[in-house]
Amino acid sequence: MSTTVFLIGMLSIIMLLWANRINERLRIDANISDAIMDVHIRTATAHLWLEEAIGGATEVDAGKIFADLDQAIELVNVTLNGGKSEHDWIPEPIKEPELRLRAENIKSLLKNLKMIGLVRIHSPQRSGIGSDIDQRFNLLFKEILGKTRELEYIMEVKEARNAEKSRRLILGILVIWTFIVIAAAAGLWVKERQQKVAQEKLLKANEQLLCQAEELREHRENLSELVEKRTAELTAANMLIRSEMAERLKTCEMLKKTESQIRDLSSRLIDAQEIERKRISMELHDELGQALNVTKLRLRLIEKGLREDQRATREDCEELLKYIGHIIEDVRRLSLDLSPTVLEDLGLTSALRFLVGNLAKSSGMEIKSDIAEIDHIFLQNQWITIYRVIQEALTNICKHARFENASVVIHSHDDKVIFTVEDDGIGFDPEQALMKGVTDKGFGLTTMNERVRMMGGVFDLWSREGEGTRIRFTIPTEVGDA
């Protein structure tokens, strides 16, 4: 059985390494896709500002226009040769000959667009709107947008295939580990059953010994022989029990090792979830956010072109601009919830204070905070775990508690840091909540408890109907110093 578990474990490790390689490829493809999207956005922005500059807008900086075009050309070079993009490092360039040919074509078109743009900006009288140069410029711009969309679509398809491979591997790993746990539990049950049988045999042997004692009174001349025979039987039974106890201890050690491996897998799954959230957040911010900003600029340009007698249309444009502004704010909020970049920018303590202030502002309720400086206590890669637990607790309060006052208190005491999130809301019955299924109560409390346990901490929940809720967890400081 141990050989089988070892072979399955080695197979799981190989699959994990394979999944990690696919995820790395997925990240590289996502970075290349982001760089192509940035080329798309910068080209569109440069085109928009150039048209405004030729149209007579004095506030437009011509240097910014061609800086955007130069940056777009540089981004294409990064996708071809590797290097630092606007968002991340691209260690491996595009390798497929067809994709490289498409990127080279886009780079050539961008250079031509820049040359025509220079002609137009220096000779606006003969290259204004409707001129031959303007038409060539617009056709070249449309061709660049079309080719970037095609290249981006190809990269997205490739990224989707790699993501599907990664999901299948993760599912395979989960199935393997489920089999290991079931096999180990079955082995333990068999060993316990064998021990019970051995104990029953021992009891039967003892009963036989009592019978033999009666026989000893009747057969005193055979006393020595009978004692030696019974002693040999008992010795054999004791050796059998010791052997089975050793097997049971070995099985318990194997179960502990399996539990540790499952916890390690859970940690990897949580890390993969954070990476996926960060990727989705970047796509929301960079792709959808930029597209909305460009749309807003376009709409503002349309509004400027309206006549004085088109007042109703101008008001509609203003309403639409306000609506787009709200959408942009919602996108930014969603992006921040998915990937709190404030952690990297300001640190854990400032990020938690920002989170409390932002939730208090959005909910319109009072949330007090007393947060000590804890950045130096924990490692930077542990910040996201603490942030997610506090975020989940506050989100549950805002959604379900119906509170008037809430508080977040974080302080260091001796060799541990104590985190407390409390409210005076409607509360609930913890035992009843734990008895519900996953569909009823969700993964919130379970996920918070698991994240705290992964850091070596202790999670405690107290709540009573009508008296509020208190979530408290402690994390030893040596975890951060390790």
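The values are calculated or read from the model by the stated rules, or taken from the named source; none is laboratory data. Being a predicted model, the structure only gives us computed values, none of them experimental. So basically every Cβ, Gly included, is an ideal-geometry build from the backbone, and we count neighbours across all protein chains shown. We work out accessible area using only protein heavy atoms, side chains counted, and drop any ligands, DNA or RNA first. Shrake-Rupley method; radii C 1.70, N 1.55, O 1.52, S 1.80 Å.
Summed over the residues of segment 144-201 and divided among them, the accessible surface reaches 61 Å² per residue at a probe radius of 1.4 Å. In order along segment 303-320, the phi-based Karplus estimate (6.51 cos²θ - 1.76 cosθ + 1.60, θ = phi - 60°) of 3J(HN,Hα) comes to 5, 5, x, 6, 7, 5, 7, 9, 5, 4, 5, 5, 5, 4, 5, 4, 4, 5 Hz; Gly and Pro are listed as x. Note that segment 307-426 shows a convex hull volume over its alpha carbon atoms of 137 Å³ per residue.
Put a dot 7 Å past the Cα of residue 307, heading toward its Cβ, do the same for residue 153, and the two dots end up 4.0 nm apart. Straight-distance candidates among the lysines for linking to residue 158, with alpha-carbon spacing under 19 Å and chain neighbours fewer than 8 residues away dropped: 95, 147. Each label was represented as a point 7 Å from its Cα along the Cα-to-Cβ direction; for residue 199 and residue 249 these points are 1.9 nm apart. First measure r as the distance between the Cβ atoms of residue 209 and residue 424, then evaluate 1/(1 + (r/R0)^6) with R0 = 56 Å and state the FRET efficiency to the nearest 0.05. Computed FRET efficiency for residue 209 and residue 424 comes out at 0.20. Sequentially through segment 190-200, phi angles give Karplus couplings (6.51, -1.76, 1.60; θ = phi - 60°) of 5, 5, 5, 5, 5, 5, 4, 4, 5, 5, 4 Hz, Gly and Pro residues having no value and appearing as x. Orientation-averaged projection of segment 308-370 equals 6.3 nm² [convex hull of Cα atoms, one quarter of hull surface area].
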